[in-house]
Amino acid sequence: MQKTTLSAALRCIRQPHRLQSRQPLRARIPHHTIQPSLCRAVHARATDFLPTNIPDWTESQREVREAVAKICVNYPDEYWLERDNDKSWPEAFTKDLAENGWLGICLPSVYGGSELGISEAAVMLQTIAESGAGQGGASAVHMNIFGLEPVAKFGTDEQKKRWLPPLIAGKERACFGVTEPNTGLDTLKLQSMAAKPTPDANHYVLKGNKVFISTAKVAEKILILVRTTPLDKVQKPTQGLSLFYTDLDRRIVDVTEIPKMGRAAVDTNVLNFDGWKVPVEDRVGEEGEGFRMIMHGMNAERILIGAEALGIGYAALRRTCNYVNDRVVFGKPVGSYQGLQHPLAECWMQLEAARLMIYLAARMYDQGSTDGAYANAAKYLAAEATAKTCERAILSHGGMGYAKEYHVERYQRESWIARIAPVSGEMIKNYIGQRVLGLPKSY
Ligand SMILES: Cc1cc2nc3c(=O)[nH]c(=O)nc-3n(C[C@H](O)[C@H](O)[C@H](O)COP(=O)(O)OP(=O)(O)OC[C@H]3O[C@@H](n4cnc5c(N)ncnc54)[C@H](O)[C@@H]3O)c2cc1C
């Protein structure tokens with residue numbers, strides 16, 4: 001019997017414009033400055049599917065947008081709904097990105113990467129999320145895009161040769177283990193330990209727990225931060241933490257999935273380990289310097305999570321504007337009623353304001369700035385604007401907003417992630433309060 005869908009019962013919602021056949025990523029996309037004529041270009045319409053005429057983007061950002069869009073268009077909302085319903089890893093999508101050379105966008109070209117900046121990586125992740133993939137698509141490749149920056153920056157040539165090519169080719173997946181159940185955002189107090197059985201041993205032995213570790217069910221590798229010197233034996237709490245990139249040895253590491261609100265395609269897990277032998281050659285950089293190395297990539301990660309959130313926000317706005325244009329109640333499209341139209345106009349303005357901040361922070365990062373104010377503020381604004389947009393999306397759809405078939409409830413569930421991780425809104429406000437406003441620390 002043919003399945004009757006909710007959308008079949010209503011008039012058809014406009015389908016996204018289908019792009020032409022996909023083309024491989026150029027070996028390297030050169031950086032260009034923005035063309036003056038494009039600065040005057042009219043902004044994209046919120047109803048368009050992955051428009052490229054974003055006024056402030058550079059030519060290389062537009063090229064990334066267009067090329068990634070050509071891949072994403074083959075994975076419509078229905079693909080992502082199925083992954084979410086079945087809790088199944090988006091294998092075809094990640095393989096497609098790998099085959100087209102996207103998994104090493106920020107990594108060195110000598111190992112197969114494209115060596116582009118965070119400004120381009122943010123466009124890539126925004127585009128993936130905005131295509132309807134949401135966090136299901138963005139989180140599946142997030143670690144590839146920037147996760148191994150500490151390795152690229154602080155690893156030896158031998159390590160980079162060993163680790164980067166398989167990651168870039170999509171042959172290995174990696175997860176990132178920082179958060180712990182007993183310490184939460186207080187990273188410097190984390191309790192997992194690594195010790196050498198004897199000073200000249202060629203391995204460490206790891207013991208501890210991690211929580212909320214995304215992709216650990218499918219990853220072959222883990223980048224993990226643990227203490228090698230107890231907190232009471234270091235001069236500063238930032239010392240004594242070490243970073244390892246190693247095999248996620250499932251014979252020793254117990255991985256238990258956490259049932260969660262959304263993003264079911266990508267698993268999140270508790271890790272327990274005791275007696276996990278990790279070779280010395282899998283330590284990244286000097287012993288005790290792990291926190292400094294993690295900090296190096298922190299601003300970039302915030303920018304990228306913010307860009308992913310933005311993508312969800314624009315996807316929700318696109319679906320909603322198309323829906324309220326078509327849905328007629330009381331003789332008119334519901335989008336003509338100001339009770340719906342004005343909040344959606346506010347959502348667009350807030351998303352755009354956050355987007356300008358995200359790409360400003362990205363540009364500053366690419367130009368060498370290590371200041372965290374803009375990266376933090378941009379992530380916060382993007383997460384909040386997206387949360388608000390997803391809420392309005394559901395309300396504007398009425399009952400259909402609550403039905404999975406209309407996708408906005410999935411976006412809404414996924415929009416929560418950027419409000420919590422990798423750092424919460426409260427901690428961002430602490431940062432701005434102390435570092436920008438010059439106010440006293442409360443904790
Ligand atoms: C879907 C998902 C995926 C994740 N993936 C990963 C991953 O792959 N790897 C990884 O390492 N981690 C991951 N995380 C963990 C994430 O980074 C943490 O959840 C986040 O950093 C918050 O830490 P916590 O949950 O321990 O909250 P807590 O530290 O327990 O905080 C609880 C609440 O208290 C507030 N709070 C705490 N301290 C202060 C303070 N000083 N001032 C004001 N408010 C404060 C927080 O803002 C929050 O509201 C993931 C989380 C989620 C939800």
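Quick one: count up the residues across the stretch 192-206 that are assigned to a loop (DSSP other than H, G, I, E, B) and either over 26 Å from the mean Cα position of the chain (by Cα) or away from the ligand (no atom under 15 Å from the Cβ) (or both).
The qualifying residues number 7.
Of all helices (runs of 4 or more DSSP H) completely enclosed by the stretch 128-174, which ones contain at least 2 residues that are aliphatic (A, V, I, L, M) and farther than 22 Å from residue 418 by Cα?
Here the list reads 149-154, 157-168.
Looking at the stretch 264-273, can you tell me whether even one residue there is at pLDDT 95 or above, on the phi > 0 side of the Ramachandran plot and touching a helix residue (DSSP H, G or I) at 6+ places or on another chain (Cβ under 8 Å)?
No: zero hits.
Go through the stretch 77-111 and report how many residues are aliphatic (A, V, I, L, M) and in a helix (DSSP H, G or I).
Qualifying residue count for the region: 5.
Filter the stretch 88-132 for residues that are surrounded by fewer than 24 Cβ atoms within 10 Å (Cβ to Cβ) and at positive phi and give the result.
101, 112, 115
Which of the residues spanning the stretch 238-259 are touching a helix residue (DSSP H, G or I) at 6+ places or on another chain (Cβ under 9 Å) and within 16 Å of the ligand (Cβ to nearest atom)?
Selection gives 241, 242, 243, 244, 245, 246.
Checking residue 411 against (1) in contact (Cβ under 8 Å) with a residue 60 or more places away in the chain; (2) buried (at least 16 other Cβ atoms within 10 Å of the Cβ); (3) closer than 22 Å to residue 184 by Cβ: exactly one of these is not met. Which one?
Only one criterion in (1) in contact (Cβ under 8 Å) with a residue 60 or more places away in the chain; (2) buried (at least 16 other Cβ atoms within 10 Å of the Cβ); (3) closer than 22 Å to residue 184 by Cβ is unmet by residue 411, namely (3).
This table checks each residue for (1) part of a helix (DSSP H, G or I); (2) closer than 30 Å to residue 226 by Cα.
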{"site": "273", "(1), (2)": "no, yes"}
{"site": "277", "(1), (2)": "no, yes"}
{"site": "299", "(1), (2)": "yes, yes"}
{"site": "304", "(1), (2)": "yes, yes"}
{"site": "319", "(1), (2)": "yes, no"}
{"site": "339", "(1), (2)": "yes, no"}
{"site": "360", "(1), (2)": "yes, no"}
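Is it the case that residue 115 is assigned to a helix (DSSP H, G or I) and of a type in the set (D, E, K, R)?
no
Does the stretch 130-180 hold any residues that are near the ligand (Cβ under 10 Å from one of its atoms), under 18 Å from residue 226 (Cβ atoms) and out of contact with any Lys or Arg (no Cβ under 8 Å at 6 or more places or on another chain), and which are they?
Listed by number, the residues that qualify are 147, 176.
Could you figure out which of (1) assigned by TED's automatic domain parsing to the domain that holds residue 277; (2) aromatic (Phe, Trp, Tyr); (3) under 27 Å from the mean Cα position of the chain (by Cα) isn't true of residue 163?
Every listed condition holds for residue 163 apart from (1).
The values are calculated or read from the model by the stated rules, or taken from the named source; none is laboratory data. Source: prediction; values computed, not measured. FYI the Cβ positions are ideal-geometry reconstructions off the backbone, even for glycines, and counts take in every protein chain you see.
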